[in-house]
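A.B. asks: For reference, the structure I am asking about is given below.
Readers should treat all values here as calculations from the given coordinates under stated rules, not as data from a laboratory. If you're wondering where the values come from, they're calculated on a predicted model, not measured in any experiment. FYI the Cβ positions are ideal-geometry reconstructions off the backbone, even for glycines, and counts take in every protein chain you see.
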Amino acid sequence: MARDRHEENLAHPMRRLLVILLIIFLLGLILLWRIDNPRAERIRAAVVDRIVPNMEWAMAPVTGLGRMVDDFQSYARLYEQNEQLRRELQQMRAWREAAIQLEQENARLLDLNRVQPDPSLTWISGIVLADSGSPFRRSVLLNVGARDGVEDGWAAMDGLGLVGRIAGLGERTARVLLVTDTNSRVPVVIQPSGQQALLSGDNSTAPLIEFIETPEDIAAGDRIVTSGADGLYPAGLLVGQIVIDPDRAFRARLAADFGRLSFLRVMRNPDVVPLNDSDTLIGPPLPDPVTPELNAPDPTVSDPTPEAAETSADNTGTDGT
Amino acid sequence: MTDPLTARIWLFRSYYLTLCLFVMIWKILPLGIDDGAIPVPNLIMALTFAWVLRQPNTVPLGAIAFIFLTNDFLTHAPVGLGALIMVLASERLRRLQPEISNMTFLGEFGMVTGTIALCTLAERVILGVLLAEQAPFLQVALHAIVTIACYPVVVVISKYLLGLDRLNAADPDNV
């Protein structure tokens, strides 16, 4: 009896229509996500914006509980950690001496050169509300958004090192794509050899370093900082150190503590152009393709006048900014 | 006004939504980033299949679509893909439910194993057709296996903790 009813219920034409409509709707969503990704991501940001901050009351106790469990686990390794900390402290003392000396020297040099520190590098602090919840996607959600002046593409750091960049912005939340995500590529410079390379995430905790010109010049322990070559990340943010994995590939041990991301700094970067259309790129504004043609030296004129040369130089100067 | 049967169905519907939301919130909590080395089971998937096969009425289509669409949005996954696959899979299981309810648990487990494997494969095929980026196959396969492995646990918890029994032919009105 119940089974008859059950089957009858399932075969109901209205229900069947509903299922088909739902499937079409979901297929449409997938196509939208694939074809017009920025728009889909904006929809996602809006949905997340509605849901996550409202769930904070529910999340706070659970987060607290989880952190307590974490803390308890670290409590169990107390002795080991204590030893380690002592060793580190010993090293730090030496470093502190060196740092103080360097600071004094730096102050003297800055005074000699009358250098102003870059005023554009201010930041907005945010608290991590949630992570991506999926082992295949590396991102976290911050409690600051467009309302607080955050913009797409800005870099995010914890106190020490680069964490990622803003990818997806809601009114009250912003998603930070971590440098460990497979979609993340960061142009970096390896110090002290000064080689340019690309830090590309591969879902592991230590991202790969790719496109190194002369690997012989690089040793484990070299510092990695952002190069700023893409105009997206400010130059000189600490990323981490080089490590060499068993396959002889270079990887980065990240300076930021990815195990516990709680407060992040979103670095203000006025040069980032927001991504509004699907066919534009994030980065510094490209030079106008028409301008160089206008100012190109006319082939009929044998020797360009000094004025013409000057204006073209001026123009290239403004294009570059 | 409400007869106990309807009340019970609605009670289990609310259980389903609460449990799914709880699992989703737990997953997105910033409790440290796992590096994917330890595969985590897709609990809401296992829960949905278990309940569809026991009490189809407690897991309405709308709830499945809502939960998995929200999950897609929150976990930064392809929007709508998870929801689409789960709607199709749950509809298939719903249709097969009368036959499966006469099977032993082993038979049911086999059906669910097949369904989860198919879901994983379907996701990869669709992403492949769309030329979208995919997670490494080994990791995805491990997650599917862990999800399958936790299915009996989900069933035991649903049965003994929540009292969700199989809809069986012997007492038809025991919904």
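A.B. asks: How many times 2.2 N^0.38 Å is the alpha carbon radius of gyration of chain B?
C.D. replies: Values: Rg = 16.5 Å, N = 175, 2.2 N^0.38 = 15.7 Å.
Its radius of gyration relative to the 2.2 N^0.38 Å reference: 1.05.
A.B. asks: So what J values fall out for region B:155-164 if you push phi through Karplus, 6.51 cos²θ - 1.76 cosθ + 1.60 with θ = phi - 60°, rounded to Hz, Gly and Pro as x?
C.D. replies: Once rounded to whole Hz, the list reads 5, 4, 5, 4, 6, 8, 8, 9, x, 8.
A.B. asks: With a cut-off of at most 14 other beta carbons within 10 Å, and DSSP calling the residue loop, which trypsin sites (Lys or Arg not before Pro) in region A:26-71 qualify? Please list them.
C.D. replies: Values: sites: A:ARG34, A:ARG39, A:ARG42, A:ARG44, A:ARG50, A:ARG67; in loops: none.
Counting only loop positions with at most 14 other Cβ atoms within 10 Å, none of the trypsin sites (Lys or Arg not before Pro) in region A:26-71 qualifies.
A.B. asks: Separate question: What percent do you get for the relative contact order of chain B when only Cα pairs under 8 Å and 6+ apart count? Kindly include the intermediate steps, with their values, before the conclusion.
C.D. replies: Working: 146 pairs, mean separation 53.7, N = 175.
This gives 31 percent for chain B.
A.B. asks: Which ³J(HN,Hα) values in Hz, rounded to whole numbers, follow from the phi angles of region B:55-67 under the Karplus curve 6.51 cos²θ - 1.76 cosθ + 1.60, where θ = phi - 60° and Gly and Pro get x?
C.D. replies: Each residue's phi maps through the Karplus curve to give 9, x, 5, 7, 10, x, 4, x, 5, 4, 4, 4, 4 Hz.
A.B. asks: Taking amide H atoms as placed 1.01 Å from N in the peptide plane, list the residues 5 or more away in sequence, or in a different chain, whose amide H sits under 5 Å from that of A:SER132.
C.D. replies: Those lying under 5 Å, H to H, from A:SER132 are A:SER139.
A.B. asks: Just tell me how shielded B:68-75 is by partners: mean number of partner chain Cβ atoms within 10 Å of each residue's Cβ, no decimals. Write down the numbers at each step before the final one.
C.D. replies: Values: counts 1, 5, 3, 2, 7, 10, 11, 9.
Neighbouring Cβ atoms belonging to other protein chains average 6 per residue here.
A.B. asks: Measure of size requested: the Rg and Dmax of region A:123-267, with Cα atoms as the atom set and Å as the unit; please supply both.
C.D. replies: 14.7, 48
A.B. asks: Computed FRET efficiency, Cβ-Cβ of A:SER204 and B:ALA132, R0 25 Å: what is it to the nearest 0.05?
C.D. replies: Numbers: r = 21 Å, r/R0 = 0.83.
Using R0 = 25 Å, I get an efficiency of 0.75.
A.B. asks: Next question, about the same structure. Residues with amide H under 5 Å of A:GLY240's amide H, sequence separation 5 or more or different chain, H placed in the peptide plane at 1.01 Å from N; which?
C.D. replies: Amide H to amide H, under 5 Å and 5 or more residues apart or across chains, A:GLY240 pairs with A:ILE224, A:ALA255.
A.B. asks: Follow-up question, since we're still on this one. Do you know the relative contact order of region A:123-267, to the nearest whole percent, from alpha carbon pairs under 8 angstrom that are 6+ apart? Show your work: numbers first, answer last.
C.D. replies: Details: 391 pairs, mean separation 36.4, N = 145.
Normalised by residue count, the contact order of region A:123-267 is 25 percent.
A.B. asks: Quick one: which residues, 5 or more positions from A:SER184 or on another chain, have an amide H under 5 Å from its amide H? H modelled 1.01 Å from N in the peptide plane, none for Pro or chain starts.
C.D. replies: Correct list: A:GLY201.
A.B. asks: Right, something else. Let me have the 222 nm mean residue ellipticity of chain B computed from DSSP H runs of 4+ only, each contributing -39500 (n - 2.57), with the sum over all residues rounded to the nearest 500. Intermediate values should be presented prior to the final figure.
C.D. replies: Numbers: 6 runs with 116 residues, N = 175.
Roughly -22500 deg cm²/dmol at 222 nm, from the helical runs in chain B.
A.B. asks: If you plug each phi of region A:69-83 into the Karplus form 6.51 cos²θ - 1.76 cosθ + 1.60 with θ = phi - 60°, what whole-Hz ³J(HN,Hα) values come out, in order, with x for Gly and Pro?
C.D. replies: Along region A:69-83, the couplings run 4, 4, 4, 5, 4, 6, 4, 5, 9, 4, 4, 4, 5, 4, 4 Hz.
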